[in-house]
1. For region 235-261, how many residues are more than 16 Å from ligand 2 (Cβ to nearest atom), closer than 13 Å to LEU219 by Cα and aliphatic (A, V, I, L, M)?
2. Scan PHE58, PHE38 and give me the residue that is in contact with a Leu (Cβ under 6 Å, 6 or more places away or on another chain) and either within 14 Å of ligand 1 (Cβ to nearest atom) or touching a residue at least 60 places away in the same chain (Cβ under 8 Å) (or both).
3. If I filter region 132-140 for residues that are over 13 Å from GLY90 (Cα atoms) and assigned to a helix (DSSP H, G or I), do I get at least one hit?
4. Would it be correct to say that ASN89 is more than 16 Å from ligand 2 (Cβ to nearest atom) and polar (S, T, N, Q)?
5. Determine whether ILE156 is within 16 Å of ligand 2 (Cβ to nearest atom), hydrophobic (A, V, I, L, M, F, W, C) and touching a residue at least 24 places away in the same chain (Cβ under 8 Å).
6. Filter region 173-197 down to the residues that are touching a residue at least 12 places away in the same chain (Cβ under 8 Å) and among the charged types (D, E, K, R) and list them by number.
7. Go through (1) over 19 Å from the mean Cα position of the chain (by Cα); (2) away from ligand 1 (no atom under 15 Å from the Cβ); (3) modelled with pLDDT of 95 or more and name the single condition PHE4 misses.
Amino acid sequence: MGLFDDAKSNSSLFLNPVALDYEYQPKMVPYRENQQHFIATCIKPLFQKRNGRNLFIFGKPGIGKTVATKHVLNELEEQTDDILPIYINGWRKNTPYKILLEICEVIGYKFTQNKKTEELFQAVLPFINKKALVLCLDEVDKVKEIDILYSFLEDIYNKTIILITNEKYWLDKLDTRIKSRLLPEILEFKTYNFEEVQGILKQRIEHAFIPNVFDNESLKNLANKTFDLGDLRTGMYLLKESGDAAELRQSKKIEIVDIDKALDKLNKFKIKSSEDLNSEQSSLLDLIENNQDKSTTELHKLFNSKISYKSFKRRLDDLKNAKLIDFEEKSLGAGGRVTKVSLPKKLNEF
Ligand SMILES: Nc1ncnc2c1ncn2[C@@H]1O[C@H](COP(=O)(O)OP(=O)(O)OP(=O)(O)O)[C@@H](O)[C@H]1O
Ligand SMILES: [Mg+2]
């Protein structure tokens, strides 16, 4: 038998592997209908040439915030040419300059060379003000110099600004001049229950794989794992990896052994990424692992009293940006608040 015979035969379990990419936009976004209606309600005044309502969306990772919002923006784009929907990921476009370049790209403004941020803004303003704007800044906590919002709020007439983040209390950090102009509606995305996780995975399986590769038992197993992790993105990863594992052993079905293989890989992947850390980061992660649910100030005391709290917090922020730790803001009543630090479930569980 030749080395590539199996690769040439057309016996893949995957029908449409793209459907498992993180960026894939499914046609339907079930279980988030209420949220999509709410987002649409904030946008609707723009159809009457009135100012829209701004919106702050928060919730844990991998629970459909991005996919549901994009679904609304896509539908808006199909409905009207008078409202300009612009989606920007603040992780990738993390400065006002990059955000404005992206807006130029979307509206087809080409004379961007040698223009500074403010000049770009002034250049695109007449284009935007001819229409209404829905600007979605996803992962908004990653954007540096968020004061750019001030200009958007002041100089664009009819708009809805949608801000998405994992951080429930992100708004509190905003400058009061921005906050008082933004006055957003608040929309929390709650985690999915087991039936919803199973429903989403089932739908995606139908798109991604040929029929009948998953039996009920395997689907339930996978849905259980995904539900425990609380993150549908990890569920998509497990689907893809278990499909690869089944193909590797030339099976026509994805079985529990394949799902276990995929889980193993998820585990190794995480360990590998922690090997890439420098030694200070590793010892900080160890400290967090051994002192779960401590606040940032408590950890600072335990870590190294020679560095200031501010630099310590910066180190924690770096780990959070690498998605290696989670923050949870807890209210102490009477206006007080602490930030608790923990390892994300993904790291903890394996
Ligand atoms: N209701 C749903 N229907 C179909 N697919 C979904 C649904 N919810 C989540 N997904 C899928 O799960 C994955 C994660 O969803 P999404 O990217 O929207 O999460 P998120 O809440 O924006 O997470 P993060 O805060 O990490 O950005 C995506 O691949 C998305 O397609
Ligand atoms: Mg997202």
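1. Of the residues in region 235-261, 6 are more than 16 Å from ligand 2 (Cβ to nearest atom), closer than 13 Å to LEU219 by Cα and aliphatic (A, V, I, L, M).
2. Criteria check complete, one pass: PHE38.
3. So far as region 132-140 goes, no, none of its residues is over 13 Å from GLY90 (Cα atoms) and assigned to a helix (DSSP H, G or I).
4. Judged against the criteria, ASN89 is not a match.
5. No: the conditions fail for ILE156.
6. ASP175, ARG177, ARG181, GLU185, GLU188, LYS190, GLU196
7. The one condition PHE4 does not meet is (3).
Yes/no matrix, rows are residues, columns are (1) exposed (fewer than 14 other Cβ atoms within 10 Å of the Cβ); (2) in contact with a Ser or Thr (Cβ under 6 Å, 6 or more places away or on another chain); (3) basic (Lys, Arg):
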residue: TYR22; (1), (2), (3): yes, no, no
residue: GLN35; (1), (2), (3): no, no, no
residue: LYS65; (1), (2), (3): no, no, yes
residue: HIS71; (1), (2), (3): no, no, no
residue: LEU84; (1), (2), (3): no, no, no
residue: TYR87; (1), (2), (3): no, no, no
residue: PRO96; (1), (2), (3): no, yes, no
residue: GLU102; (1), (2), (3): no, no, no
residue: TYR109; (1), (2), (3): no, no, no
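The values are calculated or read from the model by the stated rules, or taken from the named source; none is laboratory data. Fair warning: this is a prediction, and the values are worked out from it, not measured in the lab. Don't worry about glycine lacking a Cβ; one is built from the backbone with ideal geometry, like all the others, and counts go over all protein chains shown. Side chains included, ligands, DNA and RNA excluded: accessible areas come from the protein's heavy atoms. Shrake-Rupley method; radii C 1.70, N 1.55, O 1.52, S 1.80 Å.
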